[in-house]
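Values quoted throughout were computed directly from the atomic coordinates according to the rules given, and no laboratory measurement underlies them. As the structure is a computational prediction, the values presented were derived from the model and not from experiment. No Cβ is skipped: glycine too gets one built from the backbone with ideal geometry, and neighbour counts run over all protein chains shown.
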Amino acid sequence: MPHHSRQAHHAPVTITWYGHSAFAIRSPGGVTVLVDPWLDNPKAPPDALARAQADVILVTHGHGDHFGNTVELAKRTGAHVFAIYEISVYLQSQGVQNVHGLNKSGTGSFRGLHFTMTHAEHSGGLEPGGPIISGGDPAGFVIRLENGQAIYHAGDTGVFGDMQLIGHLYKPQIVMLPIGGAYTMGPLEAAYACKMLKPQHIIGMHYGTFPALSGTPDQLKSYLPPPMRKRVHELVPGIAVEF
Ligand code: NI
Ligand code: MN
């Protein structure tokens with residue numbers, strides 16, 4: 001077996017949280033995926049936006065705290081952007097190249113990675129400044145890597161019963177779930193989501209950015225069955241973690 005393919009097979013996935021719902025996922029094959037790149041959020045490292053690289057950008061919905069710096073980053077990096085159809089049309093109107101429209105249960109692909117759009121229980125307007133315009137439905141993504149590993153980024157959502165379907169169909173080993181409450185589910189609901197999804201690794205997001213997003217990873221653990229508590233990872237913004 002060629003050495004490079006052994007390396008790719010055994011290489012880990014590296015995940016960096018930038019605060020809020022923004023993540024960089026570096027695949028075993030070296031593809032960098034940015035999800036919801038609001039990289040100048042209050043918890044992000046000061047140089048996050050300036051230093052960010054991306055091959056792919058995934059936008060879960062139009063709200064400014066998720067759409068974030070997508071236009072600037074896409075233009076600077078040339079990344080391929082995947083978003084729901086309405087947002088894809090908006091991005092093209094802003095001069096972004098390499099835009100791919102999707103809708104729920106649809107899948108886009110890039111260099112051996114696959115991005116499947118999932119349901120989310122939320123709202124999805126775009127906030128270009130002034131009145132909100134339609135950004136289509138909000139969504140989440142299941143990201144499947146070259147090695148078959150699956151990651152579920154739920155976007156902004158409440159808990160919903162079809163998370164069990166997402167668990168059955170895609171078997172995500174890693175899940176990123178909002179836990180802050182107020183605009184999304186909080187720790188109680190996120191713990192129930194974990195029972196449906198049955199992941200190996202649980203990453204809380206969309207908490208602590210503002211006082212209103214008051215849910216915490218410790219609260220999430222308190223609602224989980226004891227065997228699942230050690231699966232919760234509390235990431236530090238800007239620090240890469242291998243899985
Ligand atoms: Ni939102
Ligand atoms: Mn949000």
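Summarising the label geometry, the points placed 7 Å from Cα in the beta-carbon direction at Asn103 and Val89 lie 1.1 nm from one another. For the stretch 116-127, the Karplus equation 6.51 cos²θ - 1.76 cosθ + 1.60, evaluated at θ = phi - 60°, returns couplings of 9, 7, 10, 5, 9, 9, 6, 10, x, x, 7, 10 Hz by residue, with Gly and Pro reported as x. Normalised by residue count, the stretch 149-233 yields a Cα convex hull volume of 77 Å³ per residue.
Could you give the Stokes-Einstein D for the stretch 1-119 in µm² per second, using the C-alpha Kirkwood radius, 10 °C, 1.306 mPa s?
108
Cβ crowding within 10 Å, taken as a proxy for footprinting-reagent exposure, orders Ser88, Ser27, Ser21 from fewest neighbours to most as Ser88, Ser27, Ser21. Cα extents for the chain along the principal axes, largest to smallest and rounded to whole angstrom: 54, 49, 35.
Taking every DSSP beta bridge that has both ends in the chain, the antiparallel portion is near 55%.
Distance between the pseudo-spin-label points of Asp47 and Arg111 (7 Å out from Cα toward the beta carbon): 2.3 nm. How far apart, in nanometres, would the label points at Arg229 and Leu169 be if each is projected 7 angstrom from Cα along the Cα-to-Cβ direction? Spacing of the two 7 Å Cα→Cβ label points: 3.4 nm.
If each residue of separation counts as 0.36 nm, what is the full-extension length gain between Ser214 and Ala182 once their alpha-carbon separation is subtracted? So the chain would gain 10.7 nm between Ser214 and Ala182. Annotation: the residues Met163, Met205, sorted from fewest to most other C-beta atoms within 10 Å of their own C-beta, follow the order Met163, Met205.
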